[in-house]
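A quick write-up on the structure given underneath.
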Amino acid sequence: MTKATEPPRGGRIRLDPQTGEPKGAFEEAGALVGIHIPGYAAEQRQAAIRKG
C-alpha cells in the first residue's frame, strides 16, 4: 500500500495526517473481505436453524 493506492469501493484507507502515508488499516471494507469468505452449504444453514 502506498499514497497512490486507491481506497476500496465503499471504504477508505487510514492515512497518517502528517505524511499522508497509509497506516495499513481499511475502514468500512467489509465487502472487500466478505467476497473471500465462502458461503454456508444448505446442510449447514439447516443445522444452524434447528440448533436455534
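From the list G20, G10, which one is modelled with pLDDT of 85 or more and outside any helix (DSSP H, G or I)? Sole residue among the options that is modelled with pLDDT of 85 or more and outside any helix (DSSP H, G or I): G20. Of the residues making up the stretch 23-52, those that are part of a loop (DSSP other than H, G, I, E, B) and either of a type in the set (F, W, Y) or modelled with pLDDT of 80 or more (or both) are P38, G39, Y40, A41, G52. Cβ-Cβ contacts under 8 Å between residues 6 or more apart (or on different chains), taken from a first residue in the stretch 10-21 that is on the phi > 0 side of the Ramachandran plot to a second residue that is surrounded by 10 or more Cβ atoms within 10 Å (Cβ to Cβ) and in a loop (DSSP other than H, G, I, E, B), are listed as G10/E28; G10/A29; G20/K3.
The values are calculated or read from the model by the stated rules, or taken from the named source; none is laboratory data. These numbers come from a predicted model, not from an experiment. Note that each Cβ is placed from the backbone with ideal geometry, even for glycine, and that neighbours are counted across all protein chains shown.
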